[in-house]
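Here is the structure we will look at, set down as structure tokens.
The values are calculated or read from the model by the stated rules, or taken from the named source; none is laboratory data. Since the structure is predicted, the reported quantities are computational estimates derived from the model, not experimental observations. Because the Cβ atoms are built from the backbone with ideal geometry, glycine has one as well, and the counts that use them run over all protein chains shown. Heavy atoms of the whole protein, side chains included, go into the accessibility calculation; ligands, DNA and RNA do not. Shrake-Rupley method; radii C 1.70, N 1.55, O 1.52, S 1.80 Å.
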Amino acid sequence: MDGRLEGRGNRMVDRRRILQGVGSAIALGASGVLARAAGAAEKVPLVSGLPAGVYDTATLEALPGKKPLIKLSYRPPNYETPASYFAAPITPNEAFFVRYHLADIPEAIDVDAWTLRVGGDGATGALEFGMRDLQSGFEPVEIAAVCLCSGNRRGLSEPHVPGVQWGVGAMGNAVWKGVRLKDVLAKAGLRKEAVEIVLDGADGPVLDKTPDFVKSIPLWKALDDNTLIAFAMNGQPLPHFNGFPARLIVPGWTATYWMKHLTSIMVATRPFDGFWVKSAYRIPTGRFPVVQHFQTQVTDANEPITEIVVNSLIAAPAEGHRLRAGQAVEVQGVAWDGGYGIRRVEVSSDGGETWRAARLGKDYGRFAFRPWSFRFAPAKPGRYMILAKASNAIGQTQAETLIFNPAGYHNNLMRPLTVTVA
Amino acid sequence: MLRNLMIAASVACAAAAQTAAHGEEPAVPLKDAPGHELVEGNCAACHSLDYIRTNSPFMTAKMWEAEVTKMIATFGAPIDPPDAKTIIDYLARNYGSP
């Protein structure tokens, strides 16, 4: 995979050091790619509860091909989707969040030169696929699914924990089109000793000693009908920063497994022992209400994060919304879970004293955002605390108290929205 | 400055470090205090410095020490122990909590 940024020389390093040395805080602007959105005046739509440093650092900026998103880090790029986008059940490609672990990300990928290698000691053969082989050689499949960063809402952990300080927007829902991973694996042939599938993408570390971002999934999850190698998103090729030209889709599981810029799929006969599975993306064993576990990677202390927990978000109106007594406002949002399906969303307008059922919108499938809405028409002036609570088809609901964990995963507490009625 | 240039030059693929998603990134200024240059010279080789600012001020000295140790031991950052100490002290004093 060429197109990496190495070899551009240290010239830029030097120039940049010098600029930093004189305390310059201006955009360099040489390539003009990073456009600051409407200057400093534009308010960054951050939720409350984040570390103080986020409020004086995050900016609203557009990556190439993207709309202005909440920039948490430039390099590697970590940009989250403003919450207002979740008033719609499908997240636009240009507004879809961007998350990378390591800074050597491919600059541009020539899809005609792209190849996907499939093999490993648990496969009977080794194959290489081009994009055309993939698109013409297998049955196409479409599925709507939530792509949710494991660390979504990390910034809201109490106490705060280190990491990218995500608010509520490290997630999105798209209609993905691709081919089943199991069909591709069948072509390579599986040996009966196979236990895990190891995935690598074109992004990599800056330093040789930094562990490359490589992940594995259990064989049974790889063989799930819903696990896809996707090459399209909402009817378009994947945006570059969402994994062009192909990424893995593991509906129901957090996005750490949804390998972007996919280049290699290896069938392994032993549990993968790379850093990003063995040490990172882990939760305390048995603490969370999840059904599916990554059995070959569980220890007494911790286990890999797997399923997305049931959750919801109020996307509209915005925090601090004001209206007059007798007026109505449509409270809208989305609910989602790990693929059991949202059964019910309840809304409270009195801080949780009483609850009423929200109206559920179109069902895009059990892995997708389920839109919901609730007409709030207060008769009396005052400040109202609005809450939304989702439940799924297996009786799970949002947690009452935070299940603290060192990486700040699985935060599905309700988030109050205050509306002032005059 | 010379020291920073040397550190940068010693980092094999530092070119990638200086570009943000295909462009040159705006500078993320850090507080000017002892250790500032070492932090910029080392940390910015692999990531932009907004990581430091957004992870503040809740990190205690112990948490910053754990973070810097992880960068060296797990991620392979080539930082000598005396420099690591200066970096930890800088982060704890300027971007930490008691």
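What the table shows:
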quantity: For A:66-73, mean number of other protein chain Cβ atoms within 10 Å; calculated: 3
quantity: ³J(HN,Hα) computed for each position of the range A:90-106 - Karplus, 6.51 cos²θ - 1.76 cosθ + 1.60, integer Hz, glycine/proline x; calculated: 10, 8, x, 3, 5, 10, 6, 4, 10, 9, 10, 8, 10, 8, 8, 9, x
quantity: Under Karplus coefficients 6.51, -1.76 and 1.60, residue-wise ³J(HN,Hα) of the range A:304-310 in Hz, glycine/proline x; calculated: x, 5, 10, 5, 6, 7, 5
quantity: Separation between Cα centres of the range B:65-89 and the range A:335-354, rounded to whole Å; calculated: 44 Å
quantity: Amide H contacts of A:Ala315 (H built 1.01 Å from N, under 5 Å, at least 5 apart or other chain); calculated: A:Gln332, A:Gly333, A:Val334
quantity: Residue-by-residue Karplus 3J(HN,Hα) for the range B:37-52, coefficients 6.51, -1.76, 1.60, Hz, glycine and proline x; calculated: 5, 5, 5, 4, x, 9, 5, 6, 5, 10, 8, 5, 7, 5, 4, 6
quantity: Computed Rg/Rh of the range A:353-422, alpha carbon atoms with Kirkwood Rh; calculated: 1.02
quantity: Area buried, chain A against chain B - accessible surface, total, 1.4 angstrom probe, square angstrom; calculated: 4600 Å²
quantity: Volume per residue that the Cα convex hull of the protein assembly as shown spans, once the total is divided by residue count, Å³; calculated: 150 Å³
quantity: Rounded, prolate or oblate (a/c below 1.5 giving rounded, otherwise prolate when a/b exceeds b/c) for the range A:315-358 by Cα gyration tensor; calculated: prolate
quantity: Stokes-Einstein diffusion coefficient of the range A:280-350, Kirkwood radius over Cα pairs, 37 °C, 0.692 mPa s, in µm²/s; calculated: 213 µm²/s
quantity: Spin-label zone in the range A:336-351 - amide nitrogen under 15 Å from a point set 7 Å from the Cα of A:Lys380 along the C-beta vector; calculated: A:349-351
quantity: Cα centroid of the range A:56-103 to Cα centroid of the range A:376-422, whole Å; calculated: 24 Å
quantity: Of all accessible heavy-atom area on the protein assembly as shown, the percent that carbon and sulfur account for (1.4 Å); calculated: 54 percent
quantity: Test item: Cα-centred dipole of chain A, Lys/Arg +1 and Asp/Glu -1 on Cβ, debye; calculated: 980 debye
quantity: Cα-Cα separations in the range A:187-312 greater than 17 Å, expressed as whole percent; calculated: 60 percent
quantity: For A:Lys215, distant residues with modelled amide H under 5 Å away; calculated: A:Leu199
quantity: By accessible area with a 1.4 Å probe, ligands and nucleic acids excluded, highest first: order of A:Met131, B:Met63, A:Met171; calculated: B:Met63, A:Met131, A:Met171
quantity: Acute angle (nearest 10 degrees) that the helix A:11-21 long axis makes with the longest principal axis of chain A, alpha-carbon atoms; calculated: 30 degrees
quantity: Pairwise FRET efficiency - A:Arg324 versus B:Thr69, Cβ, R0 = 45 Å, nearest 0.05; calculated: 0.20
quantity: Per residue, in Å², the accessible surface of the protein assembly as shown once ligands and nucleic acids are set aside, probe 1.4 Å; calculated: 40 Å²
quantity: For chain A, calculated [θ]222 nm from helices alone, where every DSSP H run of n ≥ 4 adds -39500 (n - 2.57); calculated: -2000 deg cm²/dmol
